[in-house]
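Inspection log for the structure reproduced underneath, given as structure tokens.
The values are calculated or read from the model by the stated rules, or taken from the named source; none is laboratory data. As the structure is a computational prediction, the values presented were derived from the model and not from experiment. With ideal geometry, Cβ positions are generated from the backbone for all residues, glycine too; neighbour counts draw on all protein chains shown.
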Amino acid sequence: MIKNTAAQMSAALEKGETTSVELTKLHLDRIAAIDPQVKAFLHVDGDNALKQAAAVDADRASGKKLGPLAGIPLALKDVLAQEGVPTTAGSKILQGWKPPYDSTVVAKLKAAGVVILGKTNMDEFAMGSSTENSGYGPTFNPWDLTRTPGGSSGGSAAAVSAFEAPLAIGSDTGGSIRQPAALTGIVGVRPTYGAVSRYGLIAYSSSLDQVGPFGRTVLDTAMLHEVIAGHDPKDATSINAAVPAVVAAAKLGDVKGLKIGVIKQLQGDGYQSGVLARFNESLDILASLGAKIVQVDCPSFEYALAAYYLIAPSECSSNLARFDAMRYGLRTGDSDGASAESVMNATREAGFGREVKRRIILGTYALSSGYYDAYYGSAQKIRTLIIEDYKKAFTQADVLVSPTSPITAFKIGEKSEDPMAMYLADVATIPVNLAGICGMSLPAGLAEEDNLPVGFQIMAPAMQDQRLYQVGAALEAALVSKWGGYLISNAPALGGAK
Amino acid sequence: MALSYDDVMAKYEPVLGLEVHVELNTESKMFCSCSTTFGGEPNTQTCPVCLALPGALPVVNAKAIESTIKIGLALNCKIAPHSRFARKNYFYPDMPKNFQISQYDEPICFDGFVDVEIDTDEGPKQFRIEIERVHMEEDTGKSLHVGGATGRIHGAEYSLLDYNRAGIPLVEIVTKIVPGTGKYAPEVAKAYVAELRDILRGLKVSDVKMEQGSLRCDANVSLRLIGSDVLGTRSETKNVNSLRSVERAIRGEMIRHAELLNEGKKVKQETRHFQEDTGLTRSGRSKEQAEDYRYFPEPDLVPVAPAASWIEELRAQQPERPSLRRKRLKEQWAVPDKEMAAMINADALDIVEETVLLGADPTKARTWWLGEISRIANEKEVALTDLTISPKDVAEIVALVAAGELTDKLARQVVEGVIAGEGAPSEVVAKRGIKVVNDDGALMAAIEKVCAEQSETADKVRNGHLPAAGALIGAVMKETKGQADAARVRELLLKHLGQG
Ligand SMILES: [Zn+2]
């Protein structure tokens, strides 16, 4: 049962073939059995999950009209505030903090009857591409436990990939949903900026952060997308418009007559051969399904990584200033006679990890007087150029595509000493964030050289998220029929799921 | 050695700059829905947003934007069609996010002016104060430093934080530099703050209570040699919590700067705190090393873009300007210049107008408030509005006097009673048994009694020495416990002694 898709579980619940309590127990058992190896979860909230499941079962028994995901378990990235449940953003500085409020996404999940199994591991404050920067130790890729699941939403991706949950929530600031989805062989979507409320999402970089869904199929991901998206008056950057019809698009799955643009700048040097092979194979499939493949040029993408590593650290240096030991979280150095300033210093020194400190220092520098124009100002100009590149490209194509990640899952520790090598993992995903548009990663098969999953990235204009699902579903259907089942069903390391 | 103010003015010219912070009276805070009521139990008016809990986001209070635009319009400012919020980054425990959401390079209102008029040696003179910008920001929380002698952070045992004030909408009104006020600089500054206060009160956008901190003034002062066009180093004086203090602080700073300069020393660019008791300032944070606030556009908020039609709507709703209102009242009430100035100076315009609107004669209303009631207020060292006597009470007293039911002297007793908390005028009259003795029979009895007792004086009056009547009238008044109408007593007395 746990190998089923969320859509199948939903149908089984609807028909009375199973209950939410049963489903939840199966997943909690799976977590108990394998999470000691995967370490996808920071906190398993079993009791509350079962209570929530029982409540949904009771509602169903009483004939109440329920949404399609009512009673389906889900893993929640620890970056979202959930009332009364430990929420750390992967940082020691928030160890033990229990929010007194629900983030809007959590409130929407609860209202939809989705059962929250627990909080998943992540790079501290979502800064990283491997989940190794977590203050609580790394998460391991279910495909190969010596490798990372990507990041920063590595815990959520690993949980879905390891059948610990059929669905998960992540957040994507520079690729933190799409890249781990690619590295673990599942589907992940970063919705349009402003499509999903950021209220209660612990901020890394406010102008780039966006919450999004993980699933094992395009349809499952669309179903979750519809639950969490929508205007929220508590988030001033939230878009006040109807949610794109992503579920309908996922069910349609048709690319006939669509123009698909391949971005010249996102392939070639630095891309693993197996990644490019799977990418090109997918392009051939899309062409065979009736899509027209065109080449598009986005010259400013060359500077995307540099712009990102100025804007994100600048915003984070300010966003993370609130962790000062005054009101919540860690407090150290509070001995007799210690000043507030020295307690702040000691706490931030002890509570933040190396990568977080690196980015705070970088951002503080980039914003400082005399350097602002050269760094933050220039980065904003590049951002504008990237938006222009996309605008032009979208006049030539309905969607744009690229490999999600230039490489497959890398070894734990392989890049953790070399920040630049790590940053390059997000080279293909970052432009989407800078432009505020939407992107999806879905499995394109395994790279021949290492038998690890390759992700295929689809990008669409702002609030055209349905195009991702329409194209993704068409490609997925063709690949699944070719493979004789979902890619994830063949994951080698952690078989034994029933 | 202490310089006199005239010594300072003989050599230097002051240049002013004034920054006024106004707490808006919106019901909710700038970026969340918490209440803004003053004086709640510490930390009861807080939420995830104003406590800066992880994940919380600000949302702009539309009412605060409306109030700010109203202020901008009243100060003759241009309203930006597009302005944005910025983050001002610095660490301080009473600032929950460790950044303040403010406006930086794109304020909502800019380029305005306010005209103020003051009395000079050459008569009333008008000065124009140019406004550089009016922008929105949020207030900080409050730190309470416990232990230590001074109540300041230095030497305190521990500090308590109250975030009730954190996030209350503030509007900052910044002038351009104000040169050319000469020796009237302190008066011009005071008149400017008073004018602002009246404008804000008229707009009903703030409580404008300087004592409670809802209107706070920072005064920048520098001196330059007369004739020079090089600006001197300025000091910024904070904690100026009354109109009188604005005047005192600026005068004091001018003298302090002049003393330093005369001794060949430099004025430090620094923040100073005004001391209400001594009228002097003490040194605060030194600003020689300008703090780097790392301003950048607030990414959690979208730009403010008020529709032109809305701005015009607000412009059409602007109330009468205080200066025009003063002019109108002066004419309507036929008040002489000097009395008008006294009334403004005593901050009594509103209360007198209210009394007049309740039916009192303008001259009578003014005389009561500025005379007897002001005297009591001064004695008690409180503001007129803080006394228990209301415009309604005064209007009632004026009516009682007009009806002949009270004499001026008795009315003073009633005023005293109302202020002492004995109730409304009619109640005081009843309780104290105050009434005018206008029964001629009773008066005649008293007159006959007094004339018998003081026969020598009475004879003087009979012989045509009228000034002697005063002593007799006084005695009759005493006999009747002050409840008689002195004019009537005089009339009857003179008649009785054959002089009527
Ligand atoms: Zn609040």
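For the range B:300-321, residues that are within 14 Å of chain A (Cβ to nearest Cβ), surrounded by 13 or more Cβ atoms within 10 Å (Cβ to Cβ) and assigned to a loop (DSSP other than H, G, I, E, B) total 4. Can you tell which of B:Val418, B:Val414, B:Val394 is in contact with a Phe, Trp or Tyr (Cβ under 9 Å, 6 or more places away or on another chain) and within 25 Å of B:Asp347 (Cα to Cα)? Within the list B:Val418, B:Val414, B:Val394, the selection yields B:Val394.
Of all residue pairs spaced 6 or more apart or on separate chains, those with beta-carbon atoms under 7 Å, a first member in the range B:246-274 that is within 14 Å of B:Leu223 (Cα to Cα) and a second member that is hydroxyl-bearing (Ser, Thr, Tyr) and surrounded by fewer than 18 Cβ atoms within 10 Å (Cβ to Cβ) are B:Arg251/B:Tyr5; B:Ile255/B:Tyr5; B:Lys266/B:Thr233; B:Val267/B:Thr233; B:Lys268/B:Ser286; B:Gln269/B:Thr233.
For first residues located in the range B:44-56 and under 14 Å from A:Ala321 (Cα atoms), partners that are within 7 Å of the ligand (Cβ to nearest atom) and modelled with pLDDT of 95 or more and lie 6+ apart or on another chain with Cβ distances below 7 Å form the pairs B:Ala56/B:Val49.
Checking the structure you have, find out if any residue of the range B:3-15 is away from the ligand (no atom under 15 Å from the Cβ), within 30 Å of B:Glu259 (Cα to Cα), away from chain A (no Cβ under 11 Å) and in a loop (DSSP other than H, G, I, E, B). Can you show your working first?
Step one: list which residues in the range B:3-15 are away from the ligand (no atom under 15 Å from the Cβ), which gives B:3-15.
When the remaining residues are screened for being within 30 Å of B:Glu259 (Cα to Cα), the result is B:3-15.
Next cut, away from chain A (no Cβ under 11 Å) only: B:3-15.
Now restrict to residues that are in a loop (DSSP other than H, G, I, E, B): B:3-4.
Yes, some residue in the range B:3-15 is away from the ligand (no atom under 15 Å from the Cβ), within 30 Å of B:Glu259 (Cα to Cα), away from chain A (no Cβ under 11 Å) and in a loop (DSSP other than H, G, I, E, B).
Scanning the range A:227-246 for residues that are surrounded by 21 or more Cβ atoms within 10 Å (Cβ to Cβ) and more than 14 Å from chain B (Cβ to nearest Cβ) gives A:Val227, A:Ile228, A:Ala229, A:Pro244, A:Val246.
Evaluating B:Gly148 against the criteria (1) touching a strand residue (DSSP E or B) at 6+ places or on another chain (Cβ under 9 Å); (2) over 21 Å from B:Lys78 (Cα atoms) leaves one unmet condition, (1).
Every residue, every condition in (1) part of a loop (DSSP other than H, G, I, E, B); (2) closer than 19 Å to B:Phe113 by Cβ; (3) of a type outside the set (Phe, Trp, Tyr), yes or no:
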| site | (1), (2), (3) |
| --- | --- |
| B:Leu170 | no, no, yes |
| B:Ala185 | no, yes, yes |
| B:Lys190 | no, yes, yes |
| B:Val193 | no, yes, yes |
| B:Leu196 | no, yes, yes |
| B:Ser206 | yes, no, yes |
| B:Gln212 | yes, no, yes |
| B:Ser222 | no, no, yes |
| B:Gly232 | yes, no, yes |
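Residue pairs whose Cβ atoms lie under 8 Å apart, separated by 6 or more positions or on different chains, with the first residue in the range B:74-92 and more than 10 Å from chain A (Cβ to nearest Cβ) and the second part of a loop (DSSP other than H, G, I, E, B) and among the β-branched types (Val, Ile, Thr), are B:Ile79/B:Ile108; B:Ala80/B:Ile108; B:Ser83/B:Ile108.
A quick yes/no check of all residues on (1) modelled with pLDDT under 95; (2) within 30 Å of B:Arg128 (Cα to Cα); (3) within 16 Å of the ligand (Cβ to nearest atom):
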| site | (1), (2), (3) |
| --- | --- |
| B:Glu19 | no, yes, no |
| B:Glu27 | no, no, yes |
| B:Thr37 | yes, no, yes |
| B:Asn43 | no, no, yes |
| B:Gly55 | no, no, yes |
| B:Ser67 | no, yes, no |
| B:Lys70 | no, yes, no |
| B:Ser83 | no, yes, no |
| B:Arg87 | no, no, no |
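Within the bounds of the range B:97-117, is there any residue that is in contact with a Phe, Trp or Tyr (Cβ under 6 Å, 6 or more places away or on another chain), within 16 Å of the ligand (Cβ to nearest atom) and within 14 Å of chain A (Cβ to nearest Cβ)? Yes, the range B:97-117 contains at least one residue that is in contact with a Phe, Trp or Tyr (Cβ under 6 Å, 6 or more places away or on another chain), within 16 Å of the ligand (Cβ to nearest atom) and within 14 Å of chain A (Cβ to nearest Cβ). Of everything in the range A:367-379 that is assigned to a helix (DSSP H, G or I) and within 9 Å of another protein chain (Cβ to nearest Cβ), the residue that is nearest to A:Cys316 (Cα to Cα) is A:Leu367. Does B:Gly40 meet the test of being in contact with a Ser or Thr (Cβ under 7 Å, 6 or more places away or on another chain) and either over 18 Å from B:Glu137 (Cα atoms) or not assigned by TED's automatic domain parsing to the domain that holds B:Ile199 (or both)? So B:Gly40 fails the test.
Per-residue answers, yes or no, for (1) basic (Lys, Arg); (2) crowded, with 24+ Cβ neighbours inside 10 Å; (3) more than 14 Å from every other protein chain (Cβ to nearest Cβ):
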position: A:Asp47; (1), (2), (3): no, no, yes
position: A:Leu50; (1), (2), (3): no, no, yes
position: A:Ala54; (1), (2), (3): no, no, yes
position: A:Lys64; (1), (2), (3): yes, no, yes
position: A:Gly67; (1), (2), (3): no, no, yes
position: A:Gly71; (1), (2), (3): no, yes, yes
position: A:Thr88; (1), (2), (3): no, yes, no
position: A:Pro100; (1), (2), (3): no, no, no
position: A:Ala112; (1), (2), (3): no, no, yes
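Could you look through the range B:154-165, keep only residues that are in a loop (DSSP other than H, G, I, E, B) and either free of Cβ contacts under 8 Å to residues at least 40 places away in the same chain or in contact with a Ser or Thr (Cβ under 6 Å, 6 or more places away or on another chain) (or both), and pick out the one that is farthest from the ligand (Cβ to nearest atom)? Filtering first and then ranking leaves B:Gly155. Kindly indicate whether B:Glu23 is more than 30 Å from A:Trp97 (Cα to Cα), more than 16 Å from the ligand (Cβ to nearest atom) and not polar (S, T, N, Q). It is false that B:Glu23 is more than 30 Å from A:Trp97 (Cα to Cα), more than 16 Å from the ligand (Cβ to nearest atom) and not polar (S, T, N, Q).
If I ask for residues that are among the hydrophobic types (A, V, I, L, M, F, W, C) and modelled with pLDDT of 95 or more, which ones from the range B:179-192 would you list?
B:Ala185, B:Val188, B:Ala189
Here is the figure for the range B:221-237: residues that are in contact with a Ser or Thr (Cβ under 6 Å, 6 or more places away or on another chain) and among the basic types (Lys, Arg) total 1. What is the residue count in the range A:315-338 for residues that are aliphatic (A, V, I, L, M), facing another protein chain (nearest Cβ under 9 Å) and farther than 12 Å from A:Phe352 by Cα? Residues in the range A:315-338 being aliphatic (A, V, I, L, M), facing another protein chain (nearest Cβ under 9 Å) and farther than 12 Å from A:Phe352 by Cα: 1 in total. If you check A:Thr148 against the conditions, is it polar (S, T, N, Q) and within 14 Å of another protein chain (Cβ to nearest Cβ)? For A:Thr148, the condition - polar (S, T, N, Q) and within 14 Å of another protein chain (Cβ to nearest Cβ) - is not met.
Of everything listed in (1) assigned to a loop (DSSP other than H, G, I, E, B); (2) surrounded by fewer than 24 Cβ atoms within 10 Å (Cβ to Cβ), the single unmet condition for A:Ile116 is (1). If I filter the range B:471-484 for residues that are under 43 Å from the mean Cα position of the chain (by Cα), surrounded by fewer than 17 Cβ atoms within 10 Å (Cβ to Cβ) and under 22 Å from B:Thr367 (Cα atoms), do I get at least one hit? Taking every residue of the range B:471-484 in turn, at least one turns out to be under 43 Å from the mean Cα position of the chain (by Cα), surrounded by fewer than 17 Cβ atoms within 10 Å (Cβ to Cβ) and under 22 Å from B:Thr367 (Cα atoms).
Yes/no matrix, rows are residues, columns are (1) within 16 Å of the ligand (Cβ to nearest atom); (2) within 14 Å of another protein chain (Cβ to nearest Cβ):
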{"residue": "B:Asp139", "(1), (2)": "yes, no"}
{"residue": "B:Ser143", "(1), (2)": "no, yes"}
{"residue": "B:Gly167", "(1), (2)": "yes, yes"}
{"residue": "B:Val174", "(1), (2)": "no, no"}
{"residue": "B:Tyr184", "(1), (2)": "no, no"}
{"residue": "B:Val193", "(1), (2)": "no, no"}
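When you check A:Tyr136 against the structure, is it part of a loop (DSSP other than H, G, I, E, B), out of contact with any Lys or Arg (no Cβ under 9 Å at 6 or more places or on another chain) and among the hydroxyl-bearing types (Ser, Thr, Tyr), yes or no? Give the derivation first.
On the way: part of a loop (DSSP other than H, G, I, E, B): yes; out of contact with any Lys or Arg (no Cβ under 9 Å at 6 or more places or on another chain): no; among the hydroxyl-bearing types (Ser, Thr, Tyr): yes.
Spelling it out, it is not the case that A:Tyr136 is part of a loop (DSSP other than H, G, I, E, B), out of contact with any Lys or Arg (no Cβ under 9 Å at 6 or more places or on another chain) and among the hydroxyl-bearing types (Ser, Thr, Tyr).
Restricting the first member to the range B:19-32 and to residues that are under 15 Å from B:Ile69 (Cα atoms), and the second to residues that are among the hydrophobic types (A, V, I, L, M, F, W, C) and near the ligand (Cβ under 9 Å from one of its atoms), the beta-carbon pairs closer than 9 Å and six or more apart or on different chains are B:Met30/B:Cys50.
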